[in-house]
Amino acid sequence: MYKILIVDDEPIILSGIKFLVDWEKNGCTIMDTARNGKDALEKIRQCLPDIVLCDISMPVMDGISLLQIVNDEFPSVVFLMLTNLQEFVLAKNAIRYRAVDYLVKNQLTAELLEESLAKAKKEYDTRNKFVQAEKLSYLEMKKHKELLQASCLELLFSTDASTLEVIEKVLLENKMLDSYGIIYIPFNYGSLPGCRGLTYEAKSSLTAWEKELTTHLADNLFDTKYLYIPTGQNDCLTIFVWGTKGDWERHINILASKLESASENITQIMPAVCATPCFNGAGQLSACREAYFYCVEYFYLTGNTGICRKESGDDSLHAAFEPLGLTGIGSQLEAELNSRNLTGCMLLLDRAIERILATIHQKSQAVWLCNELHRAAAKVQGLGDLTTGGYSEIKAFMTREQVILWIERLKETLTDLLWEQSSYKSLPVEKARQYVYDHVEEHISLQEVANEVSISAGYLSTLFKKQYNQSFISFINQVKVERACQLIRERKYLISEISYRLGFENAYYFAKVFRRYTGMSPSEWEKENGEEKK
């Protein structure tokens, strides 16, 4: 049975048409009626009819506008237009928009309606065949594309020899092994305002925007000879490209330049375009896969983009990665946190940063490390809420720099949380203060003192600021000025000698620091305070 929708703003016309013919005998059923084009469009979208009998002149939305919209959205739906004699020109226009026939209302008979219905049913059958054929063709193309994507995915992650042989055969049959390579495009969400508050959904949406931009550029550069590999990551794109005909490097440079420019204007994300060298033939598939993972790791360690070539003598990345050597660090951090030993925690995290900086390691090792640290911190009872991003942020690391920044944020968070719970003074800070008093007449640097008390310079600076509400450098200068005042009172040395004795670079800088803490120059202070009262 063909489903019929009747659309007319006159109730008497609707009623007349409904009872004009035996619809069942004509192989039809009236599914619904509508009083204007807008109402009809909603009903068409809800329960798709096969044939629409539609008035041309209606309020809200006329029949011609409805016909045009439905043609675009549902090309198989057939329209029969209802018109008055004075609307004859409009009726002819409707034919131009693929209406099958038009019927004059005041001349409408059962025979004319049945003839038009016969035309409409025949047209619907024809259109439906084309639509079904297009759907079938689309599904076959989609299935074929999914097969190729799955093959490329297996190429990256399967280690089974027989599977790789099948992949070679599939790619070879589809002529995808002529001048091919893989492009890796990670996105730096850290460049966005409020980046730490971005949800997984927000990142996925931004990545979809970036994929659309990349697709537009890739269509121009590579025609249709490229395929996105569905790696499951929402913070990067991986693309298999073939048939580049010797223009590989030029195409990569153009893609990088244009994608960076477009992203700056639209998403504000900073994309990086990295690529393997260009390969040829099935025999180089394994080399292409190895080059892809080298590309990912090389970008993680160096932040460099472009074509990543692993050349002999390249010291930036070795074939054998080094272990971080931090086994058990999660349990150690948990123990230090349970005992509320802030110094012990910072020493462990400083060691983690040192190893991240000093070793040539795989990104997966850094992800493991940060997961261990986050697990340990989150496990401790009564510590409070961690503001450091959790597993979703850790999983999204693209560069070694991001790993270090994450650990630094964890240090700040733990320092704040533990400091709130402690009522004692930090031993390293007290040792540092005493060191300054003991060596006041020497040149003193933050790093020197940090080495002396066995903590990092950054951590010493943070602790000192929290405990005394003063920077450590400011404290050094304050102690030196206090000592300078003592020496001035003794009247044994010239001001220039005092400057030299206290380790200042020159008398000018000494005078500048002295004025900052006393409000006057050394000479002025000497006049007011230098003479001992008799």
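The values are calculated or read from the model by the stated rules, or taken from the named source; none is laboratory data. Keep in mind that this is a model prediction, so the values were computed, not measured. When we count neighbours, we look across all protein chains shown, and the Cβ atoms used for this are built from the backbone with ideal geometry, even at glycine. All accessible areas refer to the heavy atoms of the entire protein, side chains included, with ligands and DNA or RNA removed. Shrake-Rupley method; radii C 1.70, N 1.55, O 1.52, S 1.80 Å.
This table checks each residue for (1) part of a helix (DSSP H, G or I); (2) surrounded by 15 or more Cβ atoms within 10 Å (Cβ to Cβ).
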{"site": "Ala256", "(1), (2)": "yes, yes"}
{"site": "Glu260", "(1), (2)": "yes, yes"}
{"site": "Asn265", "(1), (2)": "yes, no"}
{"site": "Gln268", "(1), (2)": "no, no"}
{"site": "Glu290", "(1), (2)": "yes, no"}
{"site": "Val296", "(1), (2)": "yes, yes"}
Failed condition for Ile69, given (1) open to solvent by less than 40 Å² (accessible area, probe 1.4 Å); (2) over 30 Å from Thr224 (Cβ atoms) = (1)
Matching residues, region 433-451, being surrounded by 15 or more Cβ atoms within 10 Å (Cβ to Cβ), of a type outside the set (Lys, Arg) and in a helix (DSSP H, G or I) = Tyr435, Val436, Leu446, Val449, Ala450
When you look at Glu482, is it more than 25 Å from Ala507 (Cβ to Cβ), part of a helix (DSSP H, G or I) and open to solvent by 40 Å² or more (accessible area, probe 1.4 Å), yes or no?
-> no
On the given criteria, is Phe464 touching a residue at least 40 places away in the same chain (Cβ under 8 Å) and buried (at least 20 other Cβ atoms within 10 Å of the Cβ)?
-> no
Scanning region 292-316 residue by residue, those basic (Lys, Arg) and modelled with pLDDT of 90 or more turn out to be none
Any residue at all in region 451-463 that is among the aliphatic types (A, V, I, L, M) and farther than 30 Å from Leu349 by Cα?
-> no
List pairs: first in region 202-226 and over 13 Å from Ser263 (Cβ atoms), second open to solvent by 40 Å² or more (accessible area, probe 1.4 Å) and assigned to a helix (DSSP H, G or I), Cβ under 8 Å, 6+ apart or cross-chain?
-> Leu221/Ile254
Test: Asn36 is under 48 Å from the mean Cα position of the chain (by Cα), under 22 Å from Gly16 (Cα atoms) and free of Cβ contacts under 8 Å to residues at least 40 places away in the same chain | yes
Just one of Leu369, Leu349, Leu337, Leu373 is outside any loop (DSSP other than H, G, I, E, B), modelled with pLDDT under 90 and surrounded by 19 or more Cβ atoms within 10 Å (Cβ to Cβ); which is it?
-> Leu337
